[in-house]
Structure formats: structure tokens, C-alpha cells
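The values are calculated or read from the model by the stated rules, or taken from the named source; none is laboratory data. All values reported here derive from a predicted model rather than from experimental measurement. Cβ sites come from the backbone with ideal geometry, for glycine too, and all protein chains shown count toward neighbours.
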Amino acid sequence: MNNYLSLTKVFLKALSMSKVNGKKKIIFYFFLLSVLFLIFIPFILFCGVFVYGMTNALKEVGYGTIGFELMGFLISIFTFVFSFNVILNQLYFSDDIECLLPLPIKPVMIVASKFTSCFVAENIMQFLLVLVSVFGYSLAMQLPLPNLLFSLIGIVTLPIIPMVYCSIISLFIMSFTKFIKNKETIRKIGIFFVLLILLLFGVGMSTLQQFNFDTYVESFALGNHKFLEVMRVIFPHISLFVKSFTNMDVIASIEYVLVNVVALGVFFGLAHFLYLDSVIELSSKDTKPSGDTLKLIENSHSKSIFTSYFTKELKILFRSPAFFINCILINFIWPVFAYVIYKVTLSDYSLAKMRILVSDGNVKVSLFILLTVIGVSILLPALNSIAASSFSREGKHFSFLKYIPVRYRIQWRVKVLVPFMISFIGVNIFTTIFYMLLNIPILFGIELYFISFFCILLVCILGVYVDSIQPKLIWDDEANSLRENYNTFMLMGFALLLFGLLCGGGYFLYTKGILLSNIIVLNIIILVCLTLFIWNISVVSIPNNIIEQEEA
Amino acid sequence: MIEIKNVSKTFNGEIKAIQDLSLTISPGEIVGFIGLNGAGKTTLIKMMTGILRPDSGTITINGYDIVKEGLKAKQIIGYISDSPDMFLRLTGLEFINFIADMYHVSDDVRKERIKYFAEQFNLVDALDKPMQSYSHGTRQKMMVIAALVHNPEVWILDEPLIGLDPKSALILKNMMKEHAKEGNTVFFSTHVLEIAEKLCDKVAIIDHGKIVFFGTLEDLKKKYHKKDDLEKLFMEVIQDE
Ligand SMILES: Nc1ncnc2c1ncn2[C@@H]1O[C@H](COP(=O)(O)OP(=O)(O)O)[C@@H](O)[C@H]1O
Ligand SMILES: [Mg+2]
């Protein structure tokens, strides 16, 4: 037990954020964090209101628990998708493994403490969501206070089951890939798996016709519960949880605890047999067979500083599994999400219908396309976190930037170009297909590319700028340079504000009867001005921030 | 030629890492920089290479001020940092080529130098593998090649011999000697006294951010009337202050 606690503490420390120092920076961070909270708190509150509303609407027909269950399932899926990579990394690919293997600690201990540290570090958001859902539900059902006390265990432990799933899948993947000699291939299999799950999730969601917001209450009231039935089997703890605190049902509570204990038991049992073997196998694997090196040396060619620096950044992003999953892949799977949203909200607009509307010059559809392009172009470069981790990715070798004879001006511009290029390609491959499918007028298309260009550029410069102020340099695992990096959250906050400003503002102007062409011009003007503004700040501030950075 | 004039550096407003330090290292000299852990060696070296800015004072490298004419100064410095695990996702060769690009090394020169170093250090087979798969010593050798691939005039090496096997350490030591003999400057830090004794023309001893002795080993022995035991000598110098 002692081993377990101290290991957990150590892992948690490695996962936690670095300290902020310097008065100026504290003020800056305080400001940024409050912006962030202003965005996340409404989101969390919205979830509570959603549960409240649904419960209120459905409790008369006897389906009062559905609102809460639905939210519970969504939280569980969310946890599963986002924890998978974290757990796989923490169990198999973190740097500490080679130090741990020789220690006289049972492998189950290592697994248990790694799991706990992930659980604690990853679940603040989920915790808040469960909390507001419980409140929303209790308010609607008018549950008395003692019931809330009953819900405490569940509030704290709800994400255990989805995370156990992640862990078990990781164990299996790693055991069944033992025969593969190349470590990087195994990681890629892990990545492929995440993709597969995302795709399945996407397809599953899109087949949910009844999830249409106008009709969901009705369809649930009519007893159309296919989605719920499947989910109740996959995540049995949710229903038990609701039951236990709605009626202060002791048996349901015991069952809830039992389900969790069994899940953990299965996981630790499997870990006992599978973990050590696959980990040892992994650390003995070589990464690449050797070729004829002398010939390679002969083929060395000089490149300009800019190209060479740029290629280096790309190589690191593409080769490191953590960066590849979080920074690169996301640019090419966003259409899955877009498709889901389209299915859920606009499923009565078929492609053929939209095409006709576009050729008729329907303003509403053009506005929809414009706002979508703006939205994706703003959110994707924030979501892929390349820009906001530009300096953090350098880690404890940040000082490299300073001792090479390369102007900081060149270095930060490369760091802007990298996320810009990747995001621009990621956004516009798909929009181009979309434009062609819809036969968009050429002029409108050009305007859209132009707007997309500036949205992405703006967010990328902003990201690099934010990350230059207080980069997260102390990390031992590449994944941590992204996950424990405030700056990626902060950029997301800014991006959401910008998104609200441009899309919300655009829609508002449209409802006030402003012409679409004027909205486009206005958007372009705002974007160009903002970009110039941020660029001018960056030209002075980023080099200064690099110079002042003394942490590594 | 390295000229350090009245340099001070304080961290977080309280830790005085370097205090009003002055030191001049002439061309053709190998200078060993000796001190206990935490004495300030790395801090001074980081200021010499442009990584940290001195709070006050100036540092010039062959006449170029490291703050005001940073690019020119950095171009002629070969620097080995105290931790060798950088750019692990690149192969050794990609890493060296990348560094060579940063210093504008021409094709022919880089090929010749990479081949020369790789053979010297017995690295030819490792070059096309990711540096992630290297042992600590191999990574350190790669850092040596990266630092020297542009044939810098001034070498500033932070604990360069740590992790090297005896043979590679010997090769590097010989390179240092040769480089100094050609009229260049070699400045390296170490906490191993024997290395300093065998290799250096002069030693600079640092303690609590101040130079407490700078001169030849002969001078040192004369000053403290001790003939042979360098360790005792060293302790005495430090306690003297
Ligand atoms: N970035 C930093 N922030 C705060 N203190 C530092 C930093 N770098 C070094 N120090 C402190 O400065 C002193 C000198 O450290 P250093 O130059 O690394 O010593 P050495 O290389 O001789 O072992 C130590 O007390 C160390 O704790
Ligand atoms: Mg040191």
C-alpha cells in the first residue's frame, strides 16, 4: 500500500503543471484564466440546465432518469475517447518505465498507481460535469438533501469504468502486438485504434435520427430507447448510480460499488498476467534496422536555415506519437465531427437540396457555409494545439533556440508557419471537396479561402505568442507538453471568443438584414486588422519573451 | 579569446549565481573550469553562449559582444550543453545535418567532418537510427559532433567528458589539445580534478559564483605550498575565501 501511494504521488507530480513565477506573468495568467472560466462555466452550466430541462419534461411520462443517464453516457464516452491515449502512454510509453522495472514492486502496483494518477489528473472537467448534472437532476426531481449525500460516491467515481475500458484495451493491444518488432509500429496501431473508435462513435451518433433537438423529448417519451439500451449495457454504472441516489436505494448503491470493484478487479487481474511481459518485450525492442550509413552521409545536402528548421519541426510532429495523435490527426478527422453535427442538426438538408439552394443563390445557405468555414478555421488551429505548444515542445532544451546563430525572428516565424500550413491544408482539403460538391461560385470560393487564410493565420500567431510568454518546459513525456500546458487551453479560450465574435456577430448582422457581401467584407476587415495587430505585438514581444525565458 | 568583465547574475532576485566575475582566456589555451556542484559553472557558461543575459557586465568572444553582436559571436562558438538528450526523434545524421544548416556549413565540409567524427567515435552504424535508441554515451558523442561540425574557433564545453567511454574521452581530449595548439580557445567545465590536471594549461576555480583562483597548476601549487595532492589543494583554495 505504501508503494502504491508513493508511486501515485510521483506520477501525479510528473503530470502536474509547472509553477508560474514573476509578477507580470501572474497577472497575465489571472486574466487569461478568467477569460477561460467565462467560457467554460457557461458550458458546464448549460449541461446542468440540459439535464434539468430534460428531466422536467420527461418525469411525467415516467422517464425521469433519462436526462441524467444521457448526460452520464456522454460523459463516459467523452472520458473514454480522451483518456485512451493518456492511459496507453502512461502505461507503456512513459520514460519512467525503465527505471521502475528493476524495482522490487509488483507490476499490479505500478499499473494501479499509474491508473490512479491518470484518474486524478484527467477528471476535473468530468467531475464538474457530473456535479452539475446531479444538481440539475435533483432540482427537477425535487430530491431532498440526504439524497445528495448518497450521490457523493458516484460523483467522485463515475469515470472509473470508461477508464478501465481504456486500460483493458491498452493491455490487450500491447499483448497482441508482442510479435511486432518495431516499437513505433505498435504506437501507430494504438493510434489507429483510437481513430477506429472515433469513427465508430461518429457513425453511431449519425445514425441516431431521433437525436434531432426538436424531437428528442417526444421520441424518448414514445419509448424509442435503442441508444439508451445499448449504452446501459456498456456503462451499467450510470443507471445504478441514478437509482441509488434517487430512492436512496442501498442495494443499488452496493451494486454500483460492486460493478466498479469488479471492473477494477478484472483490469488488475489482466494486468497481473499481461502487463509485465508486454512492457519488458517493449523496452527490448529496437526501433529501426540499419542501412548503409556511409552512403547516407554522402547524400547529405545543405538546406537554408528556414527550410531546415521547418522540416525539423515537421519531423518531430509527425514522428512523436503523442504529437501525431493530438496535433496532426485531428486536422484530418474533423470532418467526422462535422458530419455528426450536420446529421444531428441539419439532417433534413440533403446535399442535393443544398446544391440547388446554392445555385439559386440562397443567402441562408451561403451564410451557413461562410460561418462554418470561419468556425472550423478558427477552432481547428486551436484544437490541434501545434501553435500553442510551439515553445513548450522544446522542453528542457529550450536554450537551444538561444545558442544557435539564428535570429529569433526567423525561429518564431517558422513556428507560426508550421501550424499555419498544417491547419490550412487540414481545413481546406475538405472545404475544397465540399465547395466542388456544392458547385460554389468561384468568387465566393475565393472569398472563403481568403477568410480561412486569415482566421488560421491569426489563431496561429496568437498561439505562438501565448506560448512564448510562459511555455511549459518541464515535462518528461511529450504528451505532457500538450496536456499540462495552460497555453493550449488559453488559445482555445481566445479562439472561442473570436468564434463567438465573428460567427455570432455575422449571424446577428444577417438577422438585422445586412447583406451577405457586406458581412464578408466586414469579417475580412476585422480579421486583417486583428492579424496585423497581433503580428505587431509579436514582432517585439516574442523575441523578448524568448530572451527572458530562464527556466531551461 | 574570451573576455568576461564584471559579470553578475542573480536568479529570482535572491540566488546570486555569479558575482562580479572577470576572466580572460587567451587564444591557444585550454582552460579547465572547476567547481563544486552548484558553484555557478553552468550559469557562467550559459551567459557566455547567449542563453542567459548577465544582469551586469559584458562578455566578448573573439571581440564580439555576446549580447550586442550575438549572431556573430554564436557563429564562432562550439557549445556542448550539460544534458545531451535533445531532438531524440531525429536520427543522428538528421540532427547533425540540421545543426550544420543552422551554422551554414557547406556540403563538402560537412560530409568530410561527419565521416571523420563518426569514424573516430565508432558511430557510423548508429547515425541512421533515431537518437531515442542511443545510450547516454552515444548521445553525448553526437553532441560533440554537433558542437564541432561547423569547425568553431572557440569551444565552450559544459562537462563534455561525462558519459563518454575511456576511448572516446581520450579522442575528445586530444581534439581539445590540437584545437588549442592551432591558436584557438578551449574552455570546459568539470568537477573531476584529474582531467583538469592532465589536460589544462590553466585552471579557473569557481566557488559561490566567484573566481577564487585563475592560473597555471604550477602557480597554484606554489601559492599553496603543496606539491602533489590536487584534491587537498582544491579544498584549501575554496576554504580560503
Ligand atoms: N534557472 C535557474 N533558476 C534558479 N536558480 C538557478 C537556475 N540555474 C541555476 N540556478 C542556481 O544557480 C546556482 C549555480 O548553478 P549552476 O551554474 O548550475 O552550477 P554548476 O554548473 O556549477 O553545478 C545554483 O545554486 C543553482 O541552484
Ligand atoms: Mg553544471
From the list A:377, A:385, A:423, which residue is in a loop (DSSP other than H, G, I, E, B), away from chain B (no Cβ under 14 Å) and within 21 Å of the chain's Cα centre (by Cα)? A:385
Is there any pair linking a residue in the stretch A:232-258 that is touching a residue at least 24 places away in the same chain (Cβ under 8 Å) to one that is outside any helix (DSSP H, G or I), with Cβ under 6 Å and at least six apart or on different chains, and which? A:242/A:65; A:243/A:249; A:245/A:151
The conditions are (1) in contact with a Ser or Thr (Cβ under 9 Å, 6 or more places away or on another chain); (2) within 16 Å of ligand 2 (Cβ to nearest atom); (3) without any contact (Cβ under 8 Å) to a residue 12 or more places away in the chain, and residue B:38 fails exactly one of them. Which is it? (1)
Taking the stretch A:375-413 and keeping only residues that are out of contact with any Lys or Arg (no Cβ under 9 Å at 6 or more places or on another chain) and hydrophobic (A, V, I, L, M, F, W, C), one is left with A:376, A:378, A:379, A:380, A:382, A:383, A:388, A:398, A:400, A:401, A:410, A:412
Out of curiosity, is residue B:171 within 16 Å of ligand 2 (Cβ to nearest atom), surrounded by fewer than 21 Cβ atoms within 10 Å (Cβ to Cβ), of a type outside the set (Lys, Arg) and in a helix (DSSP H, G or I)? no
For residue B:157, state whether it is modelled with pLDDT of 95 or more and either away from every other protein chain (no Cβ under 13 Å) or buried (at least 22 other Cβ atoms within 10 Å of the Cβ) (or both). yes
Can you tell me which residues in the stretch B:182-212 are touching a Lys or Arg at 6+ places or on another chain (Cβ under 7 Å) and within 13 Å of ligand 1 (Cβ to nearest atom)? B:189, B:206, B:209
Which of (1) over 22 Å from residue B:175 (Cα atoms); (2) in contact with a Pro (Cβ under 9 Å, 6 or more places away or on another chain) does residue B:107 not meet, given it meets every other one? (2)
Hey, among A:536, A:523, A:480, A:545, which residue is within 14 Å of another protein chain (Cβ to nearest Cβ) and either outside any helix (DSSP H, G or I) or away from ligand 2 (no atom under 16 Å from the Cβ) (or both)? A:545
Can you tell me how many residues within the stretch A:65-115 are farther than 13 Å from residue A:159 by Cα and of a type in the set (S, T, N, Q)? 6
All positions within the stretch B:162-189 that are modelled with pLDDT under 90 and closer than 18 Å to residue B:36 by Cβ: B:162
Given the options B:112, B:3, B:29, B:94, name the one that is buried (at least 20 other Cβ atoms within 10 Å of the Cβ) and away from ligand 1 (no atom under 16 Å from the Cβ). B:94
Identify the single condition in (1) at positive phi; (2) within 16 Å of ligand 2 (Cβ to nearest atom) that residue B:160 does not satisfy, given that it satisfies every other one. (1)
Complete set of residues in the stretch B:194-231 that are within 16 Å of ligand 2 (Cβ to nearest atom), outside any strand (DSSP E or B) and on the phi < 0 side of the Ramachandran plot: B:195, B:196
Taking the stretch B:38-51 and the residues there that are hydrophobic (A, V, I, L, M, F, W, C) and within 8 Å of ligand 1 (Cβ to nearest atom), the one that is nearest to residue B:77 (Cα to Cα) would be B:45
Got a sec? Which of A:390, A:399 is small (Gly, Ala, Ser) and either farther than 26 Å from residue B:88 by Cα or over 25 Å from the mean Cα position of the chain (by Cα) (or both)? A:399
Quick check on residue A:473: is it in a helix (DSSP H, G or I), surrounded by 16 or more Cβ atoms within 10 Å (Cβ to Cβ) and within 26 Å of the chain's Cα centre (by Cα)? no
Counting only helices (runs of 4 or more DSSP H) entirely within the stretch A:46-122, those with at least 2 residues that are within 27 Å of the chain's Cα centre (by Cα), in the same structural domain as residue A:166 (by TED's automatic domain parsing) and over 29 Å from residue A:135 (Cβ atoms) are A:66-88, A:107-122
